[in-house]
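Quick note: the coordinates plus some simple rules give every number you see, no bench work behind them. Since this is a predicted model, take the numbers as computed values, not measurements. All Cβ positions, even for glycine, are placed from backbone atoms using ideal geometry, and neighbour counts span all protein chains on display.
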Amino acid sequence: MQNYGLAHVWAQGDFVTRGIALALLIMSVLSWSVIVIKAWNVMRLKRLTKNAEQLFWHSDDLSDGVKKLGAGTSDPQDNPFLALALSGQEAADHHHQTQPHLHDRMDVSDWITRCLKDTMDDSIARMQSGLAVLASIGSTAPFVGLFGTVWGIYHALLAIGVSGQSSIDQVAGPVGEALIMTAFGLFVAIPAVLGYNALTRANKAIVTKLNRFAHGLHAFFVTGARLSSSKRGDGLRLATRAN
């Protein structure tokens, strides 16, 4: 048994076998890093969504609401609710200026909609960053492992042919070692796929709440009143679907 196992695969493997093993190791570390970082970010955003809308809409005025949203936040980009409120406020203030810019010819509703949508797109892009890495690893890792298996079986059969020994103990060891690469590929791919699906579902739930908050901001900056829940479905669609 000393001649079989992972150590034997690494010691007897050529540069292709070792390169595939290193590639799978790097893909595994990268996917788990993305999963941990994005999962922490999702949990942070979920904590914000629990009371962000309530804190804002129960404030005395707009500045007080923005202050409550920004409590404990050093960068507005880390808080999409705060970023939306600041974007809407800036858009409304900027539109009421009298300078002869092109945007002054736009309707105030269209201008605020455009600014809120740009902020929503930026927030969604930040939430989705890294998910493409998980999707790529989940789809390619099994094939990388399979290539390692095919390469290992090929060289194992060549070695058996040269030695002239075709007994089961001479075949099972090298072939079994080659199949380890397929197992490595699945070990890398399965967490990446599960992590991608879980993070995508969590992002969709957050985007739904951001979309609802953006509808309320749009109505507030245009009419001065919050949009009622019964009319949100007829309002302007601001958020794009989180893929």
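Values computed for the structure shown
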| quantity | calculated |
| --- | --- |
| Cβ-derived FRET efficiency at R0 45 Å, Asp122 paired with Leu22, nearest 0.05 | 0.80 |
| Asp122, Asp93 arranged by Cβ crowding within 10 Å, fewest neighbours leading | Asp93, Asp122 |
| Links that overshoot a 18 Å alpha carbon limit, given the list Lys46/Lys204; Lys38/Lys204; Lys38/Lys117 | Lys38/Lys117 |
| Sorted peptide list for 186-198, 42-54, criterion being average Cβ within 10 angstrom, highest first | 186-198, 42-54 |
| J(HN,Hα) series, segment 183-188, from Karplus relation 6.51 cos²θ - 1.76 cosθ + 1.60, nearest Hz, glycine and proline x | 5, 4, x, 5, 4, 7 |
| Amide N of segment 44-58 lying under 12 Å from the label point, which is placed 7 angstrom from the Cα of Asp78 along Cα→Cβ | 44-45 |
| Backbone HN-Hα couplings from phi across segment 133-143 [Karplus 6.51/-1.76/1.60, Hz, Gly and Pro as x] | 5, 5, 5, 5, 5, x, 8, 9, 4, x, 6 |
| Table column - 3J(HN,Hα) (Hz), segment 203-211, Karplus curve with 6.51, -1.76, 1.60, x for Gly and Pro | 5, 5, 5, 5, 5, 4, 5, 5, 5 |
